[in-house]
Amino acid sequence: MASFLCGLDIGGTFTDCVLIDEHGQLTISKAPSTPGNFAEGVLEALKRAGERVGLALPQLLDSITMLNHGTTAGTNAIIQRKGARVGLITTRGHNDVIHIMRGSRGLSGQDIKLIVHIPESSKPDPIIPKRLIRGVSERVDCFGKVVVTLNEEEVRAAIQSLLDEGAEALAVCFLWSFLAPAHERRVKEIAAEMAPGLYVTCSHELAPKWGEYERTTAVALNAYIGPLTVGYLTDLDRRLKDLGYQPPLQITQCAGGTISVRKASDAPLLTLDSGPVSGVTGSLYLGQVMNEKNIITTDMGGTSFDVGVIHDSKAVVSYKSLVHQYEYFLPKVDVQTMGTGGGSKVWIDKTTGTLRVGPQSAGAVPGPICYSRGGTVPTTTDADVVLGYLDADNFAGGTMQLDRAGAAAALQVLADELGMSLYELASGVAQIAEFQMADLVRKATIQKGLDPRDFVLFAFGGAGPVHMAVTAREAGIKRVVVPQGDTASTWCAFGAASADTLHVNEQVSIMSSPFEVARINTLLGELAAKGRAQLEEDGIAPAQQRFLFSIDMRHRGQINEVEVELDGGTLKESDLDGLRARFVRRYEQLYGRGASLPGARLECVTFRVRASAESRKPRIKEAATTTREIPAGAQTGTRDIYWAEWKRLAPTPIYDGYRLQPGNTLEGPCVIETTTTSIVVHPGQTVSMDALKNFVIETGLTA
Amino acid sequence: MPRISEITDIDFDGVNHPYVPPKELRISPKLKLHRDWETEVDPVTYEVVRHNLWQINEEHGATIQRLSGSPVAMYALDLNPSLLTEDAEFVYFGPYMQYMSGVTDTQVKWTLEFRSDNPGIQEGDMFLANDPWVGAAHQQDVMLLCPVFWEGELFCWVTNCLHQYDIGGITPGSFCPSAESVYDEGIMLPPIKIIEKGEIRRDIEAVYLRASRKPQLVALDFRAQMAGNATARDRVLELIRRYGPRTVKGVMKKIIDNSEKAYLAKMARIPDGYWQDRTYIEACRPGDRRTHRVQLQLRKEGNKLLFSNDGSAGQEGAMNATYSGWRGAIMVAVTELLCWDQYFAVGGALRHVDFDPTPGTLNCANFPASVSTAPIQSMEISLYPAYNVLSKMIYPDAEMRRDIMCIGGTSQWPATLFRGTDQWGERYGYLLIDPIGGAIGAFAHGDGINTGGQSRTPICQLPNIEHTEQSFPILFLYRKELPDSGGAGKYRGGLSAESCFIPHNTDFITQDTLSSGNATPTSPGMMGGYPSTTNAYTFLRDTDIASRMQQSRMIEDTSEVSGKPELLQLRQENFIQNPADVYAVRWTGGGGFGDPFERDPVDIERDLEDLAITPAAALSIYGAVLNADARTVDRAATAKHRAAVRAARVARHQLPAVKREGSVLYAASVALEVKRDEQGTFWACGHCSTELGAVGGNYKDACILEEHPVSASNPLIGEPSDFIDDKVVFRQFCCPGCGVQIDNEIAVAHDPVLCDIAIKA
């Protein structure tokens, strides 16, 4: 009997299912997403996949060895503001932590317009109103010493009054609880006595990190999305079990792996943004197959452009996340985003007479003018169709007619205003968008101390392959890979299928050099034991368990921390010099040579253990043979396309992406069309199909 | 005293008097400037290069932050990177500490004038500078200027400024509240070539670090500044190689030209006029109980804006700022209110803005006045009046009205300068950063932002309590937003907060205070809005906090502990805080906009729900009658009560009130119109058309004047006589016809009624 790996991803419109059999054969299915009760869409997608491999749903479930699922229940609760009514218990005197928001508007790194124009900005709506926050007497100091014991009477009164106010979930965060969690634990116990079944989340469990604002935000958000996520996952888990699925259902998480339903229920915050992260996971796997260690993954859709970075076969992570201006602590694969997409609006700054693209977007509705859904403002997609990058008569596999004339008319108005030709303007729009995206690619790498020139760029999303050849070239990247086959369109589900089980456990304990080896080893040992227990619970055999150890360190008196990886979980006295050397190396890699201060005292801040289990990986089949000969009929015709490099229209060959063969190489300019995208190859660039049927563009950079 | 423009016999060269750049810079012929640029850059290239230049400046700032890593750079964001043309016009200025704009171009211009001959300005050089008479805000704000050369010609400048922990002087941290002159303060360096041909001059670096109590940190910051400049310089050169020097320079010039165009378009929409504001600094040295008046005038004639400080008090003690500090403060408001849409490209506007203060005043001090406290005293107090005068200037235009911002929180900084031995056994000395949490004042279309930071640093962040407790031997009892701390108004100012702490894991802390705005509110409202709370120190000696901790009965207000209250003065030195002594510091909030009697009951109910105001203030300040639940507003009773209060004002004074119709030329403020009929142009009440005099005069003279103690304006304002000898009053100006409040002002009792808006007859 066949055995499958299965990945499931719920998108805004479709729920994707990917099955991978033991030979690496992919089977894809899609079903409409079913908001309100997403489990319906999930089961339907599974059912359709089963039909394709000739198995009824119960038989299919019986032959799936691992089912990884990305859920958006939490994200939706936040977007629609339909989360639970949460009560917060915190240290007396510190009720306002999440209202003060560290005296900021939570906009750093966000839209610069809101930063410079204060009257347009505001703080986000509070997740928990002040009247649902209770301070209780207790206190721990910076050494982790209890200086005020927990006042349990106050705790009981607080919980009761929150219940009276209708609280549906409880968040608990005390100052310094990551050093001394007993008080938070006790509150949880009391809550369990007083209100059995109440959803309770404590900061020392969810985010034992240094900084009460980001920790409180984490518990507040977690409690906010908790009940809904638990409801959804429990329901889906039960229905799958009823249908005969045996192994534990795994949920994809934002740190780039999967966790059990139980862990996802305790920490639903881990599931936020797991969709884009699965895309990075999928790229990581494809990168291994292609032997690419450094990858910039990009996803350009209608409204946004996402960038993730894989360096040395590891996804680049961040330890602070941001959702709706709320900052919180959780380890997460870093996916940076900006509002440039196919829907970015083109406009003229009237006062200065300059051409601008975005950041406002026409979104999916009304969308670009050429979609004929009521859009009246020209967008980058309209420029693409005017330039000829997109075929108005054969868009999305011929399923949609584009209104080129409408797009051209609207852009012509702008062109006249600026005294340019229509094509100059349209190609300017494309360039401005491409250069803006190149900036984000630069930022995502350079700010991590990485050089974009050392990377290949993966282009996903409907609009990505249209523009990435130029974006990559501008960022100094030599090669662009447009993943092909069906994997490209169901990328996140593919990523979910290839994800490993992963538990990231962290503990903050601030210690200054000279370090005590014994203390470090104790901390790492405890974290490893925690991870081991979690993996055991997931049913992972000891032989498959992997442990990675790291410490976040900094110069004493400074803020910036860098993550220093260790070889193992037990240090010897003689390793300490090496630890300092590793810190200096990593610090200078990030911040520049000579940036570190020799002889300065160092501090260890966060200790971290990543406990993981490698899951069985899909095997992607390579073509047995390659050929340089381009099949007759692969070229479907020519189209007049405007090329900025030549500043003129030129008849350009158009290819059918499905008829090209591995080994085929084409000179730019040309366009390769598939049902989901157009791959635009500029003059001076070449494109070829590799043995995995991916398209690989050489961007024309030599050095 | 004469203004700068009226003085002809003094050389404003940055030695004994402030440096005021001449229209034509005197640059040595040894230095070749790149003066050749493309005047017609196509729109696409323009947008691409423009975006790149903005990104370069961003990356410059990010580099400094990452490399410095100091709490100053990371939380207070007390830094700013800039990109300027070869002749020191701003191309871009970062969204960090906005003060630093005004101190940047002047220092580059001075360097061009006084360093281009000897020692010369060459490729690979960088200049270190922090002389407040040349152009620094105060000595701690150290600048590093980097000329960028292309083929032997000076192409442009990249510069940055970063506040230093300690550069010497009589007080750790280098804010010196008891200094009598610069000789008591940190090291002062007129621009000095510290990097030559790409190499650090070790001898000069040693001089720079020698005066500091924290030379290692200063050295690290210096490297961060160097790397920031180098990053920006290299990227500019990359851009030049890609697009050519003529194109890149053409874009730079066009960015400035465009920002000028945008500025001119705005000026064309606003009527000419004259606006004035007045505020006060308290205590210029330990023991001082006087107020020191600060006045600002703005005159708009066509495209020109002229700022002056007539009537401001003389320089004295340790509260002063120099010319560049004052100019920098005003430029914050110009940038944020007029140039935000050009991403702070203020260069174009500056072509039409003149600064003409009077030397010898507290905000245009001559050498050798003490200026180390400038950014938290004279500059801050010079900035916020600029928000007011500019807001009133743009009010007549309905679209620009959306850019109005009332004075925000921490309009004077209540500093707690502390020092001692920390829990790690090391010496420390710094100040509590908490007041950076500030508040944003009300807008003309909505409420301000509670603890929304200081508007002059749009992206600052307050350290977590756990961060501060790790660095210093203190234990916070609470940090909380305060109900009623925001100024009342039709739109409420943002709430501010209070932090309260005790020494912990140390025997004691030695403290200094340094504050102002504790007696006189420094965040007044606008156009009828009320002031926020004042700053306040609360100090309770020998409290029962230890036994409370023992019994697990913690506090969330100082009123809960027993102890002996001690009144701290605004420059109290060397007092000891023992572990039993509870110390709380409260900072000012945001000013309100428009008459609080106009606030919608729905908003008042939300304020009560969100604990933003107290039920008592709902009635006394907003005139809202609450139902028995103290959470909802009785609409009918409120309307009746508000009308009765207004009618009573009219009845009390019985001033002549004549309705005068005519066509409305524009609204000068919320309840004040400029009208015209056949007889001429006149002021009129916006509610009832009662005439308020001819436009040549002060409309306030025709209004009902009611004078109250200043404590009537905000429930959190205390007794001014605790700190100053002057009496402080809250003056309301109301329409003699309908009793509606048109504006109010806060003044020292012996100061005359202020003429805040004037237009030519």
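Bear in mind these aren't lab numbers, they're just calculated from the coordinates by the rules spelled out. The structure displayed is predicted, hence computed values, not measured ones. Reconstructed Cβ throughout: ideal geometry from the backbone, glycine too, with neighbour counts over all protein chains shown.
Each eigenvalue of the Cα gyration tensor of the range A:501-613, multiplied by 5 and square-rooted, gives one semi-axis; in descending order these are 28, 14, 12 Å.
In order along the range B:425-440, phi translates into HN-Hα couplings of x, 10, 6, 9, x, 6, 10, 5, 7, 2, x, 4, x, x, 4, 9 Hz, rounded to whole numbers, per the Karplus curve 6.51 cos²θ - 1.76 cosθ + 1.60 with θ = phi - 60° and x for Gly and Pro.
Annotation for the range A:618-658: trypsin sites (Lys or Arg not before Pro) lying in DSSP loop with at most 10 further Cβ atoms inside 10 Å of their Cβ are A:R628. Once whole DSSP H runs in chain B are found, which of them have Cα atoms spread over 20 Å or more along the helix axis and a mean Kyte-Doolittle score of at least -1.0? Once both thresholds are applied, what remains is B:43-68, B:215-243, B:245-269, B:323-338, B:378-394, B:635-653.
Restricting the calculation to Cα atoms, chain B shows an Rg/Rh of 0.98 when the hydrodynamic-style radius is the Kirkwood one. Of the residues A:A408, A:I79, A:L175, the one whose Cα sits farthest towards the positive end of the charge dipole of chain A is A:L175 (charges of +1 on Lys and Arg Cβ, -1 on Asp and Glu Cβ, taken about the Cα centre). Can you give me the Cα centroid spacing of the range B:419-455 and the range B:712-761 in angstrom? When both Cα centres are located, 28 Å separates them.
Ignoring everything except DSSP H segments at least 4 long, calculate the 222 nm mean residue ellipticity for chain A; use -39,500 (n - 2.57) per segment, divide by total residues, nearest 500.
Numbers: 18 runs with 225 residues, N = 703.
Using -39500 (n - 2.57) per qualifying helix, the result is -10000 deg cm²/dmol.
Put in line by how crowded their Cβ is, counting other Cβ atoms within 10 Å and starting with the fewest, B:M319, A:M66, A:M400 read A:M400, A:M66, B:M319. As a proxy for reagent exposure, ranking B:F472, B:F508 by other Cβ atoms within 10 Å from fewest up yields B:F508, B:F472.
Take the Kirkwood radius over Cα pairs of the range B:17-259, plug it into Stokes-Einstein at 4 °C and 1.567 mPa s, and you get 72 µm²/s for translational diffusion.
For the range A:253-280 versus the range B:183-240, the spacing of their alpha-carbon centroids is 46 Å. For the range B:4-68, trypsin sites (Lys or Arg not before Pro) are listed when DSSP marks them as loop and at most 15 other Cβ atoms sit within 10 Å of their Cβ; the list is B:K23, B:R26, B:K30, B:K32, B:R35.
Here the range B:596-654 is described by how far its Cα atoms reach on the three principal axes: 40, 19, 17 Å, from widest to narrowest.
Rank these for me by crowding, A:Y658, B:Y183, B:Y19, going from fewest to most other beta carbons within 10 Å.
Values: A:Y658 14, B:Y183 11, B:Y19 25.
If I rank by nearby Cβ atoms, fewest first, I get B:Y183, A:Y658, B:Y19.
May I ask you to list, by number, the DSSP H helices of chain A whose Cα span along the axis is at least 20 Å and whose average Kyte-Doolittle hydropathy reaches 0.5 or more? Please list the in-between numbers first.
Working: long enough: A:38-52 (22 Å, -0.28); A:212-242 (43 Å, -0.33); A:274-290 (23 Å, 0.65); A:404-418 (21 Å, 0.73); A:422-446 (36 Å, 0.54); A:517-537 (30 Å, -0.04); A:576-591 (22 Å, -0.71).
Result, helices passing both filters: A:274-290, A:404-418, A:422-446.
Panel values: the range A:69-190, Kirkwood radius from alpha carbon pairs, Stokes-Einstein at 37 °C and 0.692 mPa s, translational diffusion coefficient 200 µm²/s.
Compute the separation of the alpha-carbon centres of the range A:93-150 and the range B:515-566 and state it in Å as a whole number. The range A:93-150 and the range B:515-566 have Cα centres separated by 20 Å.
Helix-derived [θ] at 222 nm for chain B: sum -39500 (n - 2.57) over DSSP H runs of at least 4, divide by residue count, nearest 500? Intermediate values should be presented prior to the final figure.
Values: 13 runs with 186 residues, N = 761.
Helix-only estimate at 222 nm: -8000 deg cm²/dmol.
In terms of distances greater than 31 angstrom between alpha carbons, the cross-link table entries A:K314/B:K249; A:K123/B:K675; A:K478/A:K617; A:K82/B:K480 yield A:K314/B:K249; A:K123/B:K675. Taking 25 Å as the limit for the C-alpha separation, the pairs A:K443/B:K109; B:K261/B:K300; B:K659/B:K700 exceed it in the case of A:K443/B:K109. For A:V317, the residues 5 or more places off, or on other chains, whose built amide H falls under 5 Å of its own are A:D334.
Go through the range A:246-318 and name the trypsin sites (Lys or Arg not before Pro) that are in a DSSP coil and have 16 or fewer other Cβ atoms within 10 Å of their Cβ.
On the way: sites: A:R262, A:K263, A:K293, A:K314; in loops: A:K293.
Answer by residue number: A:K293.
Mind checking Rg over Rh on the protein assembly as shown, alpha carbons, Kirkwood formula for Rh? Each step should come with its number before you reach the end.
Values: Rg = 32.8 Å, Rh = 34.0 Å.
Using Cα coordinates only, the ratio equals 0.97.
Placing unit charges on the Cβ atoms only, positive for Lys and Arg and negative for Asp and Glu, gives the protein assembly as shown a dipole magnitude near 780 debye about its Cα centre. Stretching the chain fully between A:T34 and A:E588 yields a gain of 194.5 nm (0.36 nm per residue, less the alpha carbon separation).
DSSP beta bridges in the range A:81-229, what fraction antiparallel, as a percent rounded to 5? Don't jump to the answer; show the numbers that get you there.
Details: 2 of 15 bridges.
Taking every DSSP beta bridge within the range A:81-229, about 15 percent pair in antiparallel fashion.
Per residue, how big is the convex hull of the range A:635-698 when only Cα atoms are used? Give it in Å³. Numbers along the way, then the final one.
Details: hull volume 4.8 nm³, N = 64.
Hull volume over Cα atoms, normalised by residue count, gives 75 Å³.
With distances taken between every two different alpha-carbon atoms, chain A has a Kirkwood hydrodynamic radius of 27.1 Å. Of all DSSP bridge pairs formed entirely within chain B, close to 95 percent run antiparallel.
Using θ = phi - 60° in the Karplus curve 6.51 cos²θ - 1.76 cosθ + 1.60, the 3J(HN,Hα) couplings for the range A:690-698 round to 8, 5, 8, 6, 7, 8, 10, 9, 8 Hz; x is entered for Gly and Pro.
What full-extension length gain, to one decimal in nm, is calculated for A:R262 and A:R453 as 0.36 nm per residue of separation minus the Cα-Cα distance? Numbers along the way, then the final one.
Working: separation 191, 0.36 × 191 = 68.76 nm, distance 4.20 nm.
Value of the extension gain: 64.6 nm.
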